[in-house]
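Visitor: Below is one structure. I have some questions about it.
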């Protein structure tokens, strides 16, 4: 489609309006920014429901954005949005996310950082977004009535990550609305997945984005909290970037040939079906590309001919080894993810290695693009780079095409992605998937249990991200305890669970499922339903922490007890007085088990393999000479997890 320059578009030459610091008059350079139109829509329909989540018909929010890099960390841009809602209401206003304002002083995001830092990185110079104009295709300017006051402002303070713009008339269901937005962005110092280091910049969550209008007419719009992620409608994304000629530019989506224009270069990227886009540039990075996988038609692209995946890596010269390890992992892992959770949706995948002067950019996912961080402090035998790469790649499914509400239900995003990471690493590397020193291996699931046991929060996994005490607690429960719980389900019914989880990923592809959709799919028959009710449902909605322990042991009697709501079936191993070893199953739906025999010792789940999410294993064994020791591997995993407390995406 042919684009028009801003100077030719009558909509964007209208007189802008001011609204505080966020909405200001355009700069003189704005006339050089290009304005584009959007020409495609997504029609996904099924049985109506009362929320945007699940199997109901979906809204469409398509973006065509042209951005010009105007300084070391400044961007001026125009976006044209085509929005179609399938709500049961007729909205009289639009609500927006202005995520880039999270980096300015006073934001809720900065005030809710755990210990004033994000994964150990402290904020530097701030950033912001300035909106110059929001106009309808009819020419109506929306900024005069815009507000950043919301009913839920209690505790939010001077936060400007949201915006509401009244409309001159209500919008009918299925009636396309086109909006033109002009804005500029100041990127912060590299921090929390966005910003700039030394001639290396990344713009994540950088443009005005429409919030999701739920089926009941409620706007799902929230002030950005340090622990929350993002949520948006699917649509088509076309991104054009006017950059200095010397810069290597990388972005989400399929890349067209670069057009050189003097000392500038025009880069174009397209995603046929996605819910976000991001880009970056660097004058000291190198771009490399290889083709992987069998050609196939990609349902997230616009092309109808089969294509293999172009795997692109972007890194500085000092981080080439990290890039090589990340690319090697992606090449091996992609077919495993596809077999377990469905086809990768795009014909390109970009892996960006954040340099050490911009390490805060690492560990993030976008449709078709992931970032990892250069981490020279860990030895090669620890597969930290492989772990982070696999986790971010898992997000291409759990966040990407299965796009749950990350703010309201982060467990469906991070928990499922972490579980998928463990499954893939186990398949690629075997049981000590996270690394080994000589004969001592660090198992992925032992690490999950160790991390989860660090936190005493026994509450449900299903809650808003902001309702966890801090990021450590959020990570321990949403990443570790959730993934360990899913692994426990798999250990009980391996083939069935794998089949049902793939069915969930397939059925909810390009949708917004909630917890009940996951439970419904994993409860398709009486056997799977009983298991989900014993393990998954209580973890999601009840007490997510549980423990098995040997309460007492004498020469002729042992008493075993289950604490908490999860009730797995585990193995119990006993050594009798004559030296013989016996094993039996304990269905812990019976909270108390009494064993009578001439005993020397007793051990619960000695592998351990049946209860991956157990709170502690120290009290799982006893001998007549005193308390038993948990397995050495479990103890080492706990120590290892403590050392790696700040590691992880």
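Visitor: Calculate, for residue 308 and residue 609, the FRET efficiency according to 1/(1 + (r/R0)^6) with r their C-beta to C-beta distance and R0 41 Å; round to the nearest 0.05.
Guide: Efficiency for this residue pair is about 0.65.
Visitor: If you don't mind, another one. Suppose each label sits 7 Å from its Cα in the direction of the beta carbon; what would the residue 89-residue 289 distance come out to in nanometres?
Guide: With each label point 7 Å from Cα toward Cβ, the separation is 4.4 nm.
Visitor: Across the range 495-563, how large is the tail of the calculated P(r) beyond 14 Å, expressed as a percent of all Cα pairs?
Guide: Summing the P(r) of the range 495-563 above 14 Å gives 68 percent of all pairs.
Visitor: Another question, if that's okay. Taking the Cα centre of each part, how many Å lie between the range 416-494 and the range 144-195?
Guide: 35 Å
Visitor: How much length is gained on full extension from residue 555 to residue 498, taking 0.36 nm per residue of separation minus their Cα-Cα distance?
Guide: This chain segment gains 16.2 nm when fully extended.
Visitor: May I pose another question? Between rounded, prolate and oblate, where does the range 140-217 land on the alpha carbon gyration tensor, with a ≥ b ≥ c its root eigenvalues, rounded for a/c under 1.5, else prolate if a/b exceeds b/c?
Guide: Here the range 140-217 falls in the prolate category.
Visitor: Among the DSSP beta bridges whose two residues both lie in the range 284-391, what percent are antiparallel, rounded to the nearest 5?
Guide: Bridges in the range 284-391 are about 55 percent antiparallel.
Visitor: Based on the mean of other Cβ atoms within 10 Å per residue, sort peptides 560-572, 433-445 so the most packed one is first.
Guide: 560-572, 433-445
Visitor: Between residue 440 and residue 584, take the C-beta separation as r, use R0 = 22 Å, and let me know the FRET efficiency to the nearest 0.05.
Guide: Efficiency, rounded to the nearest 0.05: 0.15.
Visitor: Let me ask another. On average over all directions, what projected area in square nanometres does the range 487-622 have, based on the convex hull of its Cα atoms?
Guide: 8.6 nm²
Visitor: With r defined as the distance between the Cβ atoms of residue 530 and residue 174 and R0 fixed at 51 Å, what FRET efficiency is calculated, to the nearest 0.05?
Guide: 0.75
Visitor: Please express the shape of the range 262-313 as an equivalent ellipsoid: the semi-axes are the square roots of 5 times the eigenvalues of the C-alpha gyration tensor, given largest first in whole angstrom.
Guide: 24, 16, 11
Visitor: Kirkwood-based Rg over Rh for the range 90-194 (C-alpha set), two decimals?
Guide: 1.05
Visitor: Kirkwood Rh over alpha-carbon pairs of the range 546-628, then Stokes-Einstein at 25 °C and 0.890 mPa s: what D in µm² s⁻¹, rounded to an integer?
Guide: 196 µm²/s
Visitor: Follow-up question, since we're still on this one. Cα centroids of the range 221-261 and the range 275-330: how far apart, whole angstrom?
Guide: So the separation of the two Cα centres works out to 14 Å.
Visitor: If the range 388-461 were replaced by its equivalent ellipsoid, with semi-axes equal to the square roots of 5 times the Cα gyration tensor eigenvalues, what would those be, largest first, whole Å?
Guide: 25, 18, 7
Visitor: Sorted from largest to smallest, which semi-axis lengths in Å does the alpha carbon gyration tensor of the range 284-391 give for its equivalent ellipsoid, taking the root of 5 times each eigenvalue?
Guide: Over the Cα atoms of the range 284-391, the ellipsoid semi-axes are 25, 15, 11 Å.
Visitor: Could you work out the pair-distance distribution P(r) of the chain from its alpha-carbon pairs, with 20 angstrom bin width and percents rounded to whole numbers?
Guide: Taking all Cα pairs of the chain, the binned fractions are 19, 51, 24, 5, 0 percent.
Visitor: Hey, fewest Cβ within 10 Å first, where do 529, 583, 509 land in order?
Guide: 583, 529, 509
Visitor: If you average 1/r across every pair of different Cα atoms in the range 418-541 and take the reciprocal, what Kirkwood value do you get, in Å?
Guide: Value: 15.5 Å, from the Cα pair sum.
Visitor: Could you tell me the distance between the Cα centroids of the range 85-111 and the range 544-591, to the nearest Å?
Guide: 51 Å
Visitor: Further question on the same structure: What percentages make up the Cα-Cα pair-distance distribution of the range 302-355 when the bins are 10 Å wide from 0?
Guide: 22, 45, 26, 6
Visitor: Please determine, in degrees from 0 to 90 and to the nearest 10, the orientation of helix 494-507 with respect to the longest principal axis defined by the Cα atoms of the chain, where the helix direction is its Cα long axis.
Guide: Taking the Cα atoms of the chain, the angle to 494-507 is about 20 degrees.
Visitor: Between helix 320-341 and the chain, what is the angle of the helix's C-alpha long axis to the longest principal axis, kept within 0 to 90° and rounded to the nearest 10?
Guide: 70 degrees
Visitor: Then there is this: So what is the calculated 222 nm ellipticity per residue for the chain, using -39500 (n - 2.57) for each DSSP H run with n of 4 or more, over all residues, to the nearest 500 deg cm²/dmol?
Guide: -6000 deg cm²/dmol
Visitor: Round to the nearest 10 and give me the degree value, 0 to 90, for the angle of helix 414-429's Cα axis relative to the longest principal axis of the chain.
Guide: Result, in degrees: 70.
Read-outs: derived from the displayed coordinates by stated rules, not from any lab. Just so it is clear, the structure is predicted and the values come from calculations on it, not from any experiment. Please note: Cβ atoms are built from the backbone with ideal geometry, for glycine as well, and neighbour counts cover all protein chains shown.
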